[in-house]
Structures are given as C-alpha cells and as structure tokens.
Amino acid sequence: MVILEVQTIIMNTITSKLHKKQRNYLLIFGCLYLILGSIEYVFDSGSVLNWSYLVFGIVMLIVLGYQLYNKRLFSVIKWNSKKLILKAPEQKPIVFDKKAIKSIKLTDKSLTINAGLGSGEMFDLDYFKEKDLKFFKEDFLHDESTAYNLAEAS
C-alpha cells in the first residue's frame, strides 16, 4: 500500500529547450543599457542618467540569470496517474485532473486539452524534442487508465 502511494507522487517530466526570444530580449537590452551607461559615464561623469543606465542594465542581466537558474524560460509538462501539469515560460502552471480530461489532441506543434465547459488549454510544443513528445504520447496518452477520447490523439 505504501508503494502505491509513492508511485502516484512521482511525476514524469519533459522539459523544452531554451526559449531564445525571451532570453535574447533581456540579454540584448541589458547589454545595450550597460554600453549606453558606460558611454554616458565616460563623456559626462557625475550625471544621474548614466548611473541609471548602468544600474538598469545590471538589473536586467541579473533577472536573466535568475530566470535561467530557476528554469523559468523553459516549458514543462509533468504527469502521473492522477494529474497533468502544463507550464509555459513565465506563466503559472496549469493543473488538470486526469479524470476530468475529456479529450486530448497531440500534433507536431501543439497539445490541445479539453476538460469540459470552458476548461481547456492549447499548449505550444515547438521547443520540445521529438523523443520527449513520443515518450509523453506513449506513457500518458496510451495509459490503460485513461478515460478520454483517444481518437483525437493521433
């Protein structure tokens, strides 16, 4: 009985590759503000404006480092026998009870979940590896305990 409880707690997880657009805007603008602040400092020392550019550039690069450290720039799909959790970059996780899911449609580019009246989600799969999506399809969609319409899941 204890073994069954431990198995339901463990969640399978697949993680996407780095979302480069969201990383690049912080990196580019952080470096740009550092350069502008440095140029202002060299030509006009003592100005509050040049210090604000330098501080703002450093803060943007620190935020980027924090997001990379906490894996906030990655999409994550987690599942076990009771739940499915979808998390897009810089968004809160969306949790679906496995029994409430009515249908799932998995394509090369998106995952669409229908969980009833007004409850559903379309999730972008562009950054996921093909082998991870294949593992998700085999493990979650073809599980014997699923109660949803798998005719749409092809």
(request) Go ahead and set up a Gaussian network model of the chain, Cα springs under 10 Å, then flag whichever of 30, 118, 57 fluctuates most. (result) 118
(message) Name the residue from 15, 32, 106 whose Cα lies farthest towards the positive end of the charge dipole of the chain, charges +1 on Cβ of Lys and Arg and -1 on Cβ of Asp and Glu.
(response) 106
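On a 29 Å Cα-Cα criterion, which of the cross-link pairs 20/99; 102/131; 20/98; 20/82 come out too long?
Values: 20/99 35 Å; 102/131 25 Å; 20/98 32 Å; 20/82 32 Å.
The answer is 20/99; 20/98; 20/82.
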(request) Taking just the C-alpha trace of segment 14-70, give me its Rg and Dmax in Å. (result) 13.9, 51
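So for the chain, what are the equivalent ellipsoid semi-axes in whole Å, largest first, each being the square root of 5 times an eigenvalue of the Cα gyration tensor?
Numbers: eigenvalues 392, 49, 33 Å².
The equivalent ellipsoid of the chain has semi-axes of 44, 16, 13 Å.
Translational D (Stokes-Einstein, µm²/s) of segment 74-149 at 10 °C and 1.306 mPa s when Rh comes from the Kirkwood sum over C-alpha pairs? Let's see the in-between values first.
Working: Rh = 12.7 Å.
This corresponds to a translational diffusion coefficient of 125 µm²/s.
Computed from the coordinates by the stated procedures, all read-outs in this text should not be read as laboratory data. What you see is a predicted model; the values in this text were computed from it and never measured. Ideal geometry is used to build each Cβ from the backbone, glycine not excepted, and the neighbour counts take in all protein chains shown.
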